[in-house]
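S.K.: A single structure is presented below for examination.
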């Protein structure tokens, strides 16, 4: 029985590890801390898997754990040292149909600047942006994952867009501010 549990857990890990890492990276802001969060999250899932009752999707339960671990990790790190933007270069990868070296460099630099701007937001705002755009979650799925009301999700996402727009405008004026609010006003998720 225990061997079957470990095989099932290994399958879950294989299925979700990249998505868990991507969410963690967007919240904590660097590769080393994201790997720590992945380890913490899956260790917690391993210990608590028996408590998952199936009242929601497994991914909803897992992503909530990842977001909480990421926010906790970031808070602990921020107490220990001032916030720094690190480890961005290896993590941002864009697809370019005609990638000349100059275009690749520009795209990579844009990715660095966008991630740097996002890293200046609070962990809660970073988490909601990561889940909405990285995981392409609907507002309803965000509400279930984060344990929030639909109104709170919409409000927090709107605050995240405004905060990102402000950061871009003030710290990265060379970026087009239209990237800060990709949802249209009428979008309901």
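S.K.: Starting from the 7 Å offset along Cα-to-Cβ, what nm value, one decimal, do you get for the label separation of residue 170 and residue 58?
M.R.: 4.3
S.K.: Plugging the Kirkwood radius over Cα pairs into Stokes-Einstein for region 1-83, at a temperature of 4 °C and a viscosity of 1.567 mPa s, what D comes out in µm²/s?
M.R.: On the way: Rh = 13.3 Å.
It comes out at roughly 98 µm²/s.
S.K.: Express in whole angstrom the spacing between the alpha-carbon centres of region 108-147 and region 29-70.
M.R.: 16
S.K.: Continuing with this model, one more query. What order, most packed first, do the peptides 131-142, 111-122 have when packing is the mean number of other Cβ atoms within 10 Å of each residue? Kindly include the intermediate steps, with their values, before the conclusion.
M.R.: On the way: 131-142: 17.1, 111-122: 18.8.
Top of the packing list down: 111-122, 131-142.
S.K.: Here's something else I'd like to know. Taking the Cβ-Cβ separation of residue 7 and residue 107 as r and a Förster radius of 45 Å, what is the calculated FRET efficiency to the nearest 0.05? All intermediate terms of the calculation are to be shown ahead of the outcome.
M.R.: Working: r = 40 Å, r/R0 = 0.90.
Plugging the Cβ-Cβ distance into 1/(1 + (r/R0)^6) gives 0.65.
S.K.: By average Cβ neighbour count within 10 Å, what is the ranking of 54-60, 5-11 from highest down? Intermediate values should be presented prior to the final figure.
M.R.: Details: 54-60: 12.7, 5-11: 11.1.
Output ranking for 54-60, 5-11: 54-60, 5-11.
S.K.: Moving on. Between residue 43 and residue 138, what FRET efficiency follows from the Cβ-Cβ distance if R0 is 35 Å, with the result rounded to 0.05? Spell out each step's value before the answer.
M.R.: Working: r = 29 Å, r/R0 = 0.83.
With a Förster radius of 35 Å, E is 0.75.
S.K.: Could you work out the percent of alpha carbon pairs in region 100-183 separated by over 23 Å, rounded to a whole number?
M.R.: Result for the distance tail: 26 percent.
S.K.: Output the relative contact order of region 1-83, whole-number percent, from Cα pairs under 8 angstrom with separation of 6+ residues.
M.R.: Computed value for region 1-83: 33 percent relative contact order.
FYI, it's all coordinate maths here, none of it is from the lab. In this text, all values refer to a predicted model and were calculated from it rather than measured experimentally. Cβ: placed from backbone, ideal geometry, glycine included. Neighbour counts: every protein chain shown.
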